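J.: Attaching a single structure in structure tokens format; questions to follow.
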Amino acid sequence: MRVRLQARTFSLALSGVVAAAVLSSPFTAAAAPVKKVLVVGMDGLNWAKVVSANAPNLDALAAGGSLGESLLYCPSVAASSSGPGWSTIATGVWPDKHGVKDNSFAGKQYATYPDFLTRLERVNPAYRTYSAVDWAVLHSQGTFSSSIDTRVTYDGDRDGYVVSDEKITADTVRNLRDGNPDASFVYLGNTDVVAHASGTGAPYAAAIEKQDAQLGQLLGAVKARPTYANEDWLVVVATDHGHNNPGGGHGGCGVSDERRTFVLAKGSGIAAGARPVDTRLADVSATVFNHLGVAADPAWKLDSKPVSVRSRDAFDSLYGSLSARVDETGIPATVKGWTHTAPAGWSVDRSRMPSGGVTEWRGWSFTTDEFWTRAQASQERENAMRTRGVFAVADSDEFADKTGGTSFDSTLVSPAYPVTAGGGVTLNYVTHYLQEGSQTGDVSVSFNGGADQLVKRYSADARAKAESLPVTVPAGATSMVVKFRYHNANNNWYWAIDDLRVG
Ligand SMILES: [Zn+2]
């Protein structure tokens, strides 16, 4: 990969004749397929409605690639609206970094967190980048910036989205044929317009089918390229938000459907038919960089990981053994999303928990975004957006919704990690802690079964935070256990933990 980029950089600096000689030389990367990327954004697309529609192109991508469904944040972090959604897709970070909380774009931080095409231009200006949108603010606000080589803007409100989507498709087909783009972002918006106008019924299905046919034209243009045999294409389809069913609409913290998103990706290194539980909407950019062989700089502070890379989080291994509700009443019986059974090596101390209260939350539990947030919407549970798949929750608020659900005191205990005496380790994990009353969250470590040593005490909000805590390993220690104790809680808020890594 690096060889190819160097060859192309040189080619720009040399005359056309010499450049052609360099590119055709057997000593350059002529044999390596040229990596290319096409990202197609479809506004307000509910995947469940794709499944029930006649959408052969989307179906084929899902069969041959990875489909990761997840739920969005919502207020107070950001509305489940297009401005924050496309900003998350473009930048690979969540709204608390990119700053876009609604469609006003007030507070945008694109200078610090630019879109993935702009990142590519900064890594190597020789990348040929292209974006085409008919929601014009995505260009005028800089969601996809002026650093992109070619930006095509239609005004959907003026032309009507169906017409604009056709123009965008035609322009992108032309560019795929004549412009030799390396990375493109193409926005199709009619699905959102139709869902707002008439809900998620038959007209919406028709809009999905029309957009699927447009996707088919784009994929056809890719395959028709004379150089296609020596190219390696990543195709990504993602949506910025869902729609309420069946009425349509989005923007808030409604039960789930307006928060529902997906990242669909097909390309080399991505398993056919993969259905990862740890894919999030922010993962588009890292997936693009990974395909192109671009190392994401830690200074970019991405919340993004490639869809082909699995989280090493032990909690996710519980996904297939999660149960349906017991005492919770608002969660549909079809949603399986909790267990008290810890993954291998982990344990939960429930000995100080009372016998009453809501069964699901009696001590630390392992749960999903879907299950936990449907227990009670609009209480900031939705905003634990840095968790992925299955995570651990201690929730004194939900526990107290049944008689006897008082005095929450439970400890989540990690496996024993090998450590080197006299050295240092770092506890990395994701935390989402909301403070109320006298509740306390204590993180402690124990070396070789010795006394607990407090590392961190939570007594104020720590929302959707990636923690990195240094710990000194004492002389003689060979192993360390990490404990998360949530206590002094009596119908207060909650604490979520995910992705503990000891480095
Ligand atoms: Zn909309």
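J.: What's the FRET efficiency of Ser438 with Ala377 using the Cβ-Cβ distance as r and R₀ = 35 Å, to the nearest 0.05?
T.: The formula returns an efficiency of 0.85 here.
J.: For segment 253-311, build the convex hull from the C-alpha positions and give me its volume per residue in Å³. Mind showing how you got there, number by number?
T.: On the way: hull volume 6.0 nm³, N = 59.
Taking only Cα atoms, segment 253-311 has a hull volume of 101 Å³ per residue.
J.: Calculate, for Ser104 and Ala299, the FRET efficiency according to 1/(1 + (r/R0)^6) with r their C-beta to C-beta distance and R0 45 Å; round to the nearest 0.05. It would help to have the intermediate numbers written out before the result.
T.: Values: r = 28 Å, r/R0 = 0.63.
According to the calculation, E is roughly 0.95.
J.: Can you work out D for segment 314-502 in µm² s⁻¹ from Stokes-Einstein, where Rh is the Kirkwood radius over C-alpha pairs, the temperature is 25 °C and the viscosity is 0.890 mPa s?
T.: 147 µm²/s
J.: Quick check: Cα centre of segment 144-192 to Cα centre of segment 37-95, how many Å?
T.: 18 Å
J.: Continuing with the same structure: Distance in nm between label sites at Ala344 and Val137, each 7 Å beyond Cα in the beta-carbon direction?
T.: With each label placed 7 Å out from Cα toward Cβ, I get 5.0 nm.
J.: Find how much the distance from Thr403 to Asn230 grows on full extension, using 0.36 nm per residue of separation minus their present alpha carbon separation; answer in nm with one decimal.
T.: Values: separation 173, 0.36 × 173 = 62.28 nm, distance 6.62 nm.
Contour length minus the Cα-Cα distance gives 55.7 nm.
J.: Further, regarding this structure: Rounded to the nearest 0.05, what FRET efficiency do Ala60 and Arg177 have when you use their Cβ-Cβ distance and R0 = 25 Å?
T.: E between Ala60 and Arg177, to the nearest 0.05, is 0.70.
J.: Now, a different point. Treating only the Cα positions of the chain as identical point scatterers, give the base-10 log of I(q)/I(0) from the Debye formula at each q in 0.07, 0.09, 0.11, 0.12 Å⁻¹.
T.: -0.42, -0.67, -0.95, -1.08
J.: Something else: Please work out the Cα center distance from segment 239-277 to segment 201-216, rounded to the nearest Å.
T.: Here the two parts' Cα centres lie 16 Å apart.
J.: Along the Cα-to-C-beta direction of Ser268, a point sits 7 Å from the Cα; which residues of segment 302-321 have their amide N less than 16 Å from that point?
T.: 308
J.: log₁₀ I(q)/I(0) of segment 255-388 at q = 0.13, 0.20, 0.22 Å⁻¹, via Debye over equal Cα point scatterers, no solvent, to two decimals?
T.: The computed values of log10 I(q)/I(0) come out as -0.68, -1.27, -1.40.
J.: Continuing with the same structure: What net charge do the residues around Asp182 carry, taking every other residue with its C-beta under 9 Å from that of Asp182, with Lys and Arg at +1 and Asp and Glu at -1?
T.: Around Asp182, the surrounding residues sum to +3.
J.: Going through the cross-link list Lys35/Lys266; Lys35/Lys210; Lys101/Lys456; Lys101/Lys301; Lys108/Lys167, which pairs have a Cα-Cα distance over 21 Å in this structure?
T.: Lys35/Lys210; Lys101/Lys456; Lys108/Lys167
J.: Once amide H atoms are placed 1.01 Å from N in the peptide plane, what residues at a sequence separation of 5 or more from Val40, or on another chain, have their amide H within under 5 Å of its amide H?
T.: Val186, Val236, Val237, Ala238
J.: Could I ask something else about it? Per-residue ellipticity at 222 nm for the chain, helices alone: DSSP H runs ≥ 4 residues times -39500 (n - 2.57), over residue total, nearest 500 deg cm²/dmol?
T.: The per-residue figure over the chain is -7500 deg cm²/dmol.
J.: Let me ask you something else. Specify, per residue and in Å³, the volume enclosed by the convex hull of the alpha carbon atoms belonging to segment 84-243.
T.: Output value, Cα hull per residue: 113 Å³.
J.: What length, rounded to one decimal in nm, is gained on full extension from Ser479 through to Ser52, with 0.36 nm per residue of separation minus their alpha-carbon distance?
T.: Length difference between fully extended and current span is 148.5 nm.
J.: Let me ask another. In the chain, which helices (entire DSSP H runs) extend 30 Å or more along their own long axis, judged by Cα positions, while averaging at least -0.5 on the Kyte-Doolittle scale?
T.: 202-223
J.: Let me ask another. How far is the Cα center of segment 397-432 from the Cα center of segment 446-471, in Å?
T.: Comparing the Cα centres of segment 397-432 and segment 446-471, I get a distance of 9 Å.
J.: Once both labels are modelled 7 Å past Cα along the beta-carbon direction, what's the Arg457-Thr420 spacing in nm?
T.: The modelled label-to-label distance comes out at 3.3 nm.
J.: Another question about this same structure. Could you give the length gained by full extension between Lys167 and Val309, i.e. 0.36 nm per residue of separation minus their alpha carbon distance, to one decimal place?
T.: Details: separation 142, 0.36 × 142 = 51.12 nm, distance 3.55 nm.
Using 0.36 nm per residue and subtracting the Cα-Cα distance, I get 47.6 nm.
J.: Over the Cα atoms of segment 33-300, how large are the radius of gyration and the largest Cα-Cα distance (Dmax), in Å?
T.: Values for segment 33-300 (Cα only, Rg and Dmax): 16.8, 49 Å.
Where a number appears in this text, it was derived from the coordinates with a stated rule and is not lab data. Bear in mind that the values here come from a model prediction, so they are computed numbers and not experimental data. Methodologically, a virtual Cβ is constructed for each residue, glycine included, from the backbone with ideal geometry; neighbour enumeration extends over all protein chains shown.
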